[in-house]
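A short reminder: the numbers here are calculations on the coordinates, not readings from a lab. For clarity, every value in this text was computed on a predicted model and none was experimentally measured. Note that each Cβ is placed from the backbone with ideal geometry, even for glycine, and that neighbours are counted across all protein chains shown.
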Amino acid sequence: MDTQLSRQERMALANRRTGLFIFQLSWIMVFVCLTFVNLQIRGNFASWPPEGVTSLNLFLPTLATAGLLLSAFFVGRGLRALRNHQRAVFLTSWQIALGLGFGFVAIMAYEWLSVPFSEQYSTIFRVMTGFHAVHALVIGIMLALVYHGARSGEYNATRHWAVEGTTKLWYFVVVAWMLFYVILYIV
Amino acid sequence: MATISRPLPGAAIPAAKQLRLSDYLRWSVDHKIIGVQYMATAFFFFLFGGALAMMIRWELLTPTLDVMSDGTAYNQLFTMHASIMIFMWIIPMMAGFGNYLVPLMLGAKDMAFPWLNALAFWLIVPAGALMILGYFAGQAEAGWTAYPPLSTIYSLGDGQTFWAFALHLLGISSILGAINFIVTIKNMRPEGMGYFQMPLFCWAILATSIIIVLATPFLAGALTLLILDRVAGTAFFDPSRGGDVLVWQNVFWFYSHPAVYIMVLPGFGILSEVLSVHARKPVFGYRALALSSMAIALLGFTVWAHHMFTSMTPELRIPFMVTSMIIAVPTGIKIFSWLGTLWGGKIHFTPAMLFALGFLSMFVIGGISGVMLAAVPFDIHVHDTYFVVSHLHFVLFGGSVFAIYAGMYHWWPKVTGRMLNANLGKLHFALTYVGFFFTFFPQHIVGMLGMPRRVAVYAPEFQTLNIIISVAAFLLGISTFVLLYAMALSLSNGKRAGANPWRALTLEWATTSPPPTHNFHGDPVPYRDPYGYGTESAFRYLEDVDRRYGVGERDDDKVPVPALRGSGD
């Protein structure tokens, strides 16, 4: 049932796209803000992590980050497939993306719980990863709900704003995480 | 010159559904109802915050504590006065104007996201409730800036936490509203209206919205950390545990300095509309006015640390001093463009125009004291004195509130369909202007003499000036009742306004007052230049609007009659 969008529907779609873009631009500033907070707090210490605090192990979070990047690829691949009438590819891609996203959240939950308490170093770590995890979880659940709807055939190549919207929100989760990953683990 | 023809008012226009009070008390997605909801709620908080201001001035009549039981009670008083006036009055009031006017000015049926729009308004209600409930939990007492450690270890009551949650809600409301404005302005302009044919009010709302979406998330970040420090045992602002109070100051001002432009830019937009319409002249320098709003929005992000001259690294003071002074350039462009608009105009001294002129004169004083404060040596001398209080009230009251009053008198007929009594309006203006000036101008002097802000007990030598200030403040308080009386009078038996009582060219006037549910009767066609007053074709366009939507009851010496200016006059 591939029908053309009416003028009003096109307008609504354009509004949603612009609106979501502005929202992403806006909300990423909270993550930028927390990045600044992290930088300013660490500026008061002679070394970071502070003396006596062991550095975080890079292996698991890097694995999680790689998985998250891969999930972004699969989410996008799914959206493109849906637009090209390849429903099966769309569903498999999102299945993989959901699995990878779940892996990311699980690993980061373990990291959150296992970081040893060391006042500023661990609290800012927990606030940042926790804040990000809330977004990953909420948007991940949205992704799962849309996937569930897609399985029962709610979306088609023309009408799939929910798919497009959650895809873009998941991109947001990934971009926000890249910012945090660099700040928390690399520099 | 053509004479005014008076066709049957509203001939051939079906009567709009009469709105009842209950329509304004429940969830609605009509941007006009939401706009009125915003404005009425904000006005309620204006009266509330004004009552608190009266108590502050009552306390300061004498140099000792007499009205307040102790210093804490006084701290709560000015904290709530400022928080309510900034976050519950000026910002929502401007959002109310934007909500009501932007879709109308663009010839749209509604905002881009009507449901989100309603949500943004209804977030204000619980926020206001939280703020007021703080009184039952040990009200916030750290000032509206909530600097730690005042807002953390020295604020024992839960009111400070309530305050932070309330601001969180208001921030989210602001962001949702701003997204809506940007999308509406970007996507929903009518055919033939490019960005540079938009009314300047829309430009101002666009610039404001850009600031809101980029700056308000910083407030969310700061408040989250504050709440965590207060309830979850973290120590981001506690130096004894490795935290840093400057984190709050930086992040808070990174939001709150741009926020002062959130509060005044819509006022600039109102001023451009009012001055042009009531001077019957095109705005001078349309592009300069439009783009200077954008320049202020962008520059506003580079000046936050000028609030921290006394607490920051000294090497950083000069750069922030320079950027702060540069802000005066786009603002100056606006002031001179407005003067150019007035120059040679046929000025009608309507209440709206009087308040706009009041804005021009008072805002300039606030702007000049702002440049003085931007100078580091001077700022260090008057930091945290009444000079700062004076400056901020000159820009917030002399600026934003005067603009709001101008806008109220200008658009009241559109919103209600009835005129406000012009004589009462003039009385309101006179009392407000005099009361305002003598409340806040002497504060420059007490500030420079060294009276600190935020104290209930002061040195006895400041008493004379403080009595003058308080008496003038009471006059200012009384002036509000004139407005309330005029509003009640207008609603009960004001003169019918007709569609376009000021004979304005922007689209909100090309429909009945109040506009019907979807705003226009058919697709509205904007006049090619929203400020093209004084031309033959504008005259014919206005005649056509009158013929189509009807004229109001007229009283020729109070309401400006149409005038042709320029070559053909």
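For the reader, a short list of remarks on this structure follows.
- Backbone phi angles across region B:254-271, fed through the Karplus curve with coefficients 6.51, -1.76 and 1.60 (θ = phi - 60°), yield HN-Hα couplings of 5, 7, 6, 6, x, 4, 5, 6, 4, 7, 10, 4, x, x, 4, x, 4, 4 Hz in residue order; Gly and Pro are listed as x.
- Alpha-carbon centroids, region B:236-263 and region B:436-514: separation in whole Å: 31
- In chain B the longest region clear of GluC sites (Glu not before Pro) that are loop-assigned by DSSP and have at most 15 other C-beta atoms within 10 Å covers B:192-552.
- A convex hull fitted to the Cα coordinates of the protein assembly as shown yields 165 cubic angstrom per residue.
- Förster radius 45 Å - calculated FRET efficiency between residue A:73 and residue B:315 (Cβ-Cβ, nearest 0.05): 0.50
- Principal-axis analysis of the Cα atoms of chain B puts helix B:159-187 at an angle of about 30° to the longest axis.
- Angle between chain B longest axis and helix B:536-549 axis [Cα atoms, degrees, rounded to 10]: 90
- Span-like helix check, chain A: qualifying full DSSP H segments, with Cα axial length of 30 Å or more and mean Kyte-Doolittle of 0.0 or more, are A:7-43, A:59-83, A:87-114, A:120-151.
- Cross-link pairs B:109/B:346; B:109/B:495; B:186/B:281; B:32/B:346; B:414/B:495 - those with Cα-Cα distance over 24 Å: B:109/B:346; B:109/B:495; B:186/B:281; B:32/B:346
- Here r is the Cβ-Cβ distance between residue B:240 and residue A:6 and R0 is 45 Å; the resulting FRET efficiency, rounded to 0.05, is 0.10.
- Amide hydrogen neighbours beyond the local backbone of residue B:418, cut-off 5 Å, H modeled: B:497
- Relative to the current alpha-carbon distance between residue B:67 and residue B:485, full extension at 0.36 nm per residue lengthens the span by 147.6 nm.
- Degrees separating the helix B:286-299 axis from the principal Cα axis of chain B, which is the longest one: 20
- q = 0.10, 0.12, 0.13 Å⁻¹: log10 I(q)/I(0) that the Debye formula gives for chain B, counting C-alpha atoms only: -0.83, -1.19, -1.39
- Centroid-to-centroid separation of region A:129-180 and region A:4-40 [C-alpha atoms, Å]: 14
- For the Cα trace of region B:104-144, dividing Rg by the Kirkwood Rh returns an Rg/Rh value of 1.28.
- Taking amide hydrogens as placed 1.01 Å from N in the peptide plane, the amide H of residue B:385 sits under 5 Å from those of B:453, each at least 5 positions away in sequence or on another chain.
- The mean of 1/r over all pairs of different alpha-carbon atoms in region B:64-187, once inverted, gives a Kirkwood hydrodynamic radius of 15.8 Å.
- Estimated vicinal HN-Hα couplings, Hz - region B:423-429 in sequence order (Karplus 6.51, -1.76, 1.60; Gly, Pro = x): 5, 4, x, 5, 4, 4, 4
- Range of Cα positions in chain A per principal axis (Å), largest first: 64, 30, 20
- Distant-in-sequence amide H partners of residue B:500 (H built 1.01 Å from N, under 5 Å): B:552
- Simple label model, 7 Å out from Cα along Cβ direction - residue A:115 to residue B:448, nm: 5.2
- Summarising the label geometry, the points placed 7 Å from Cα in the beta-carbon direction at residue B:195 and residue B:115 lie 3.1 nm from one another.
- Centre-to-centre, using Cα atoms only, region B:356-398 and region B:113-167 are separated by 27 Å.
- Extension gain for the segment residue B:326 to residue B:535, taken as residue separation times 0.36 nm less the Cα-Cα distance, is 71.5 nm to one decimal.
- Listed values for region B:117-123 are Karplus-derived 3J(HN,Hα) couplings in whole Hz (6.51 cos²θ - 1.76 cosθ + 1.60, θ = phi - 60°), namely 4, 5, 4, 4, 5, 5, 5, and x replaces Gly and Pro.
- In a reduced charge model with +1 at each Lys and Arg Cβ and -1 at each Asp and Glu Cβ, region B:23-564 shows a dipole moment near 1120 debye about its Cα centre.
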